[in-house]
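Take this structure, written in structure tokens, and hold onto it; I'll ask about it next.
The numbers here are math on the coordinates, done by the rules we state, and not lab data. Being a predicted model, the structure only gives us computed values, none of them experimental. Here the Cβ positions follow ideal geometry from the backbone for every residue, glycine too, while neighbour counts run over all protein chains shown.
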Amino acid sequence: MNAVVLIAKRELKALFDSPIAYIFLFVYLILSLAFFRIELFSDNQASLRHLFENMDWTFFILIPPLAMRQWAEEQKSGTLELLLTWPLKDWQIVVGKFLAASSLVAAALALTLPAAFMVDSMGHNLDWGPVWAGYLGALLMGLAYLSISFFLSAFTESQVAAFLLSLMACVLLWIPGESFLLEWIQSSTVTLFQEIGFGSRFRHFESGLLKLADICYYLSWIVLGCVFTTASFQRHRKPNS
Amino acid sequence: MIEVKQLTRSYGKHRGVSDLNFTIEPGQIVGLLGPNGAGKSTTIRVLCTQLLPSEGHVTIFGKDVVKNPLEVRQLLGYLPENSPLYKEMLTKEYLLFVAGLHGLTGSKAKKALDRVVQDCDLSSTLNRPLDEVSRGYRQRTGLAASIIHEPKVLILDEPTSSLDPNQVSDVHSLIRRLGKKITVIFSSHILSEVEQLCQRVIILNQGKLIADSESSKLREGKHISLELKATPSEVKKILKDFGHIKVLKNTGDINRFEIAGDTSPERCESISKQLATAQLYPTRLQPGQHALEKVFSQLTGEAK
């Protein structure tokens, strides 16, 4: 466990030593709060619905760039060779790096909390149940996007390729439950599509509904992404005969 | 002890190394020598558990690289080619990070840090970011990190490539010092480097072992060939301070001799000067090669 913490700490420091972490947090805040402000004042309601509504697409735009450098950079600088020969289990490397990137996603979400307190202090009697549920859902959805992007970026040395692959995967996972798609499909398969879609699952959290199935759904993607990333390490070791 | 038995490592249809066999006893400095693409890095990567062998077995102090990779990694220190490092870290931070990954914390880590800082002479750069120090210091930091956990075996992949002569000399003396305590395996494509540092040399070409010899044998066969218009007694008298002189041809006007020992340009120059004082001017004065040296020269094209 100590190795996981050491890797996570180093990774987090590397993120904050470069402009990446600051750009990520800044762009995330600008995107989510700008839309939130516009929509909050247009319908004058005490709700963070507008903040959460924009979270799915802000995540799948911002998380692939965060994940794309994780492995590509290690391969490019040669440090992956060191990681593979230090006395570490492959999963410790993956989990350490994932924890560091996850902290950044959590920090981005935490930075939007003042908006909730602001709405509450404006005398709107904010219902905090759906707010906390929304934050939990946003965190789980963000980490699921991150885990998938992590896995895909482990396959390429090119950061551009890693970004495009991850972006495509995130969009494909978001689309199925969206209304514009559901209008075009047969009514018998609507429920299935809603079950798959990251966005439609997230809307349960947004409305304050905490369902175990939704939590497990996102957790499954998080675990699967990390397991597959760990398994992908074998491709660096095994003879490709 | 390191045992490599019938090691084959394929990359698709291409064989990086093929049917490699050798054993290395503890406490030796061993040079893996060969031209680019000979299989040196592949062999090293299998020893370091970075690559799995396609066939064969490799054990390090009885631990199998496939079955016990974590135990093997604890026994090893490894410095890959070009010494990759996390350059955004301070030297001290990086060394403590590597120590931590090897299970050294608190006072143990501090002790280990002090030891490698002294061994690798890093005190002046300890609090500087690695991307701000010279290539030589980065190489030393990589070396320090590879020995921070006191490994039994140190493996270095072309540790002096792209260093300037002063930095090469620093790394050489460090390897010599380390070689007194632990087994050191290092790869190089420079024969003179291996000859200077190693007790043993393993030559690879196209993934196969083509020679495995004590490096002293490289020196044993060394000689300077000499051709000049003089009798053997004259030559032996004039060059009496240069060691054993073997007469190869003593039948004509111009005779041939072999002076055993070092073949450095300085020695050739001294011989030439000594002959000139006696008004003798050789028609040929050339460093000769031992069989092993010839093999390597042919491989690398130097013989041309």
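Between A:Ala106, A:Ala133, A:Ala14, which gets the highest mean-square fluctuation from a Gaussian network model of chain A, Cα cutoff 10 Å?
A:Ala14
For the protein assembly as shown, build the charge dipole from Cβ charges (+1 Lys, Arg; -1 Asp, Glu) around the Cα centre, then report which of B:Leu275, B:Gly27, A:Phe98 sits farthest towards its positive end.
The residue sitting farthest along the positive end of the dipole is B:Leu275.
Per the helix-only calculation at 222 nm, which mean residue ellipticity applies to chain A, given -39500 (n - 2.57) for every DSSP H run of n ≥ 4 and division by its residues, nearest 500 deg cm²/dmol?
Working: 14 runs with 191 residues, N = 241.
For chain A, the value works out to -25500 deg cm²/dmol.
Hey, another quick one. Calculate the tail of P(r) for chain B: the fraction of all Cα-Cα distances greater than 34 Å, expressed in %. Working shown, then result.
On the way: 16119 of 46056 pairs.
Result: 35 percent of Cα pairs exceed 34 Å.
Going by Cα centres, the stretch A:190-241 and the stretch A:80-152 are how many Å apart?
A separation of 14 Å, based on Cα centres.
Highest GNM mean-square fluctuation, chain A, Cα pairs closer than 10 Å: which of A:Pro19, A:Pro130, A:Pro64?
A:Pro19
Given the options A:Thr230, A:Thr79, A:Thr189, state which has the largest fluctuation in a GNM of chain A using a 10 Å cut-off (strictly under) for Cα springs.
A:Thr189
Please report the base-10 log of the normalised intensity I(q)/I(0) for the stretch B:92-229, using a Debye sum with one equal scatterer per alpha carbon and no solvent, at each q in 0.09, 0.15, 0.16, 0.22 (1/Å).
Evaluating at q = 0.09, 0.15, 0.16, 0.22 Å⁻¹ gives log10 I(q)/I(0) of -0.35, -0.81, -0.89, -1.36.
Under unit Cβ charges (Lys, Arg +1; Asp, Glu -1), what dipole magnitude, rounded to 20 debye, does the stretch B:2-218 have relative to its Cα centre? Could you put the intermediate results ahead of the total?
Working: 27 positive and 23 negative charges, 78 e Å.
About 380 debye.
In what sequence do A:Cys216, A:Cys226, B:Cys48 fall when counting other Cβ within 10 Å, fewest first? Don't skip to the answer; put the middle values down first.
Details: A:Cys216 11, A:Cys226 20, B:Cys48 25.
Listed from fewest to most nearby Cβ atoms, that is A:Cys216, A:Cys226, B:Cys48.
Dividing the Cα radius of gyration by the Kirkwood radius, what Rg/Rh value follows for the stretch B:223-288? Write out the running numbers ahead of the final one.
Values: Rg = 10.4 Å, Rh = 11.5 Å.
Result: Rg/Rh = 0.90.
Among B:199-208, B:176-185, how do they line up from the highest to the lowest mean number of other beta-carbon atoms within 10 Å? Write out the running numbers ahead of the final one.
Numbers: B:199-208: 20.2, B:176-185: 17.9.
Those peptides, ordered most packed to least, come out B:199-208, B:176-185.
Another one. What dipole magnitude, in Debye to the nearest 20, does the protein assembly as shown give about its Cα centre under +1 on Lys/Arg Cβ and -1 on Asp/Glu Cβ? Intermediate values should be presented prior to the final figure.
On the way: 56 positive and 52 negative charges, 434 e Å.
In total the dipole reaches around 2080 debye.
With only Lys, Arg, Asp and Glu charged, each at its Cβ (+1 for the first two, -1 for the last two), find how big the charge dipole of chain A is about the Cα centre; round to the nearest 20 debye. Spell out each step's value before the answer.
Values: 15 positive and 18 negative charges, 167 e Å.
Using only the charged Cβ atoms, the result is roughly 800 debye.
A further question follows. Mind checking B:78-85 for the average number of partner chain beta-carbons within 10 Å of each residue's beta-carbon? Let's see the in-between values first.
Details: counts 5, 2, 7, 2, 3, 2, 9, 4.
Neighbouring Cβ atoms belonging to other protein chains average 4 per residue here.
Let me ask you something else. Tell me, what is the percent relative contact order of chain B, built from C-alpha pairs under 8 Å that lie six or more residues apart? Display every interim value, and only then the final one.
Values: 581 pairs, mean separation 59.5, N = 304.
20 percent.
Can you pull the mean other chain C-beta count within 10 Å for peptide A:84-92? Mind dumping the intermediate values first?
Working: counts 9, 16, 11, 13, 4, 2, 1, 0, 1.
Mean inter-chain Cβ contacts per residue within 10 Å come to 6.
Ok, one more. Taking the mean number of other Cβ atoms within 10 Å as a proxy for protection, how do you rank B:115-126, A:165-176 from highest to lowest?
Values: B:115-126: 17.2, A:165-176: 19.0.
Per-residue mean Cβ counts within 10 Å order the peptides as A:165-176, B:115-126.
Work out the charge dipole of the protein assembly as shown with +1 on the Cβ of Lys and Arg and -1 on the Cβ of Asp and Glu about the Cα centre, then indicate which of B:Leu143, A:Val160, A:Cys226 is farthest towards its positive end.
B:Leu143
Could you give the nm distance between label points at A:Ser188 and A:Leu224, where each point is 7 Å from its Cα heading toward the beta carbon?
Computed distance between label sites A:Ser188 and A:Leu224 equals 2.4 nm.
Something else: Of all DSSP beta bridges in the stretch B:223-288, what percent run antiparallel (nearest 5)? Intermediate results must be reported in sequence, preceding the final value.
Values: 15 of 15 bridges.
DSSP beta bridges in the stretch B:223-288 are roughly 100 percent antiparallel.
Considering only B:Phe61, A:Ile30, A:Cys216, whose Cα is most displaced toward the positive end of the charge dipole of the protein assembly as shown, charges sitting on Cβ of Lys, Arg (+1) and Asp, Glu (-1)?
B:Phe61
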